[in-house]
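Encoded as structure tokens, the structure appears first; notes follow it.
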Amino acid sequence: GLMRLWYLVIYVLNALALVVLAVALSERIGAAAAGLGKLVLAFGLVWATLVLGAGMMVNVGLGQVLAAHVTDPAEAARIWQVTELVEAGIGGGNEVAGGAWALVLGLATLATGRLPRLLGLFALVIGVAGLSTIVPPLSEPGGAVFGLGFIAWFAWAGVALLRG
């Protein structure tokens, strides 16, 4: 139950919040540059879709694992391995989509001035960290910078959006 709740929060609820944030940011940036606003929306929706898909995959897979474990624990382990592989490929094992969105956000922020300049620069750092997760030796440190950095970025962006 706790695993299902954890995956629901980190994937499904996060993806739904990303959709709302992508729309809000695209409107803010689009007010100054329509093309950049559309890019922010497009990249944000791509990332939200992948995060949602990964979350749905892992929750369905977990249900299959629990059902199989009753009769065949070895089969349950194999199902979980496949589930984790697909989940990681869709959105949990690398941060390319989120990194690309962060880069677009950073560039759009710097180009339009519709959000604080430091927030835009921070987004560029997060974007590079996210893209670095496809390079095996950089995957773990890049993932840590990406994940923790985006948590701080989300809070900062929320405050900036609320302040208008």
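Dimensions of segment 96-138 from C-alpha coordinates, computed as largest minus smallest value along each principal axis and given longest first, are 35, 16, 10 Å. Accessible surface calculations at 1.4 Å, restricted to protein heavy atoms, place segment 1-69 at 52 Å² per residue. Calculation over all alpha carbon pairs of the chain in 10 angstrom steps from 0 returns a P(r) of 11, 36, 30, 15, 6, 2 percent.
Expressed as a whole percent, the accessible area of the chain that falls on carbon and sulfur atoms is 73 (1.4 Å probe).
In the context of the full set of protein chains, residues of segment 78-164 present 51 Å² of accessible surface per residue (probe radius 1.4 Å, heavy atoms only).
Near Ala22: Cβ cut-off under 12 Å, other residues only, Lys/Arg at +1 and Asp/Glu at -1. The net charge is +1.
Find how many whole Å separate the alpha carbon centroid of segment 140-159 from the alpha carbon centroid of segment 45-68. Computed from Cα coordinates, the inter-centre distance equals 22 Å.
The values are calculated or read from the model by the stated rules, or taken from the named source; none is laboratory data. Everything quoted here is computed from the prediction, not taken from an experiment. No Cβ is skipped: glycine too gets one built from the backbone with ideal geometry, and neighbour counts run over all protein chains shown. The accessibility values were calculated without ligands, DNA or RNA, using every heavy atom of the protein model including side chains. Shrake-Rupley method; radii C 1.70, N 1.55, O 1.52, S 1.80 Å.
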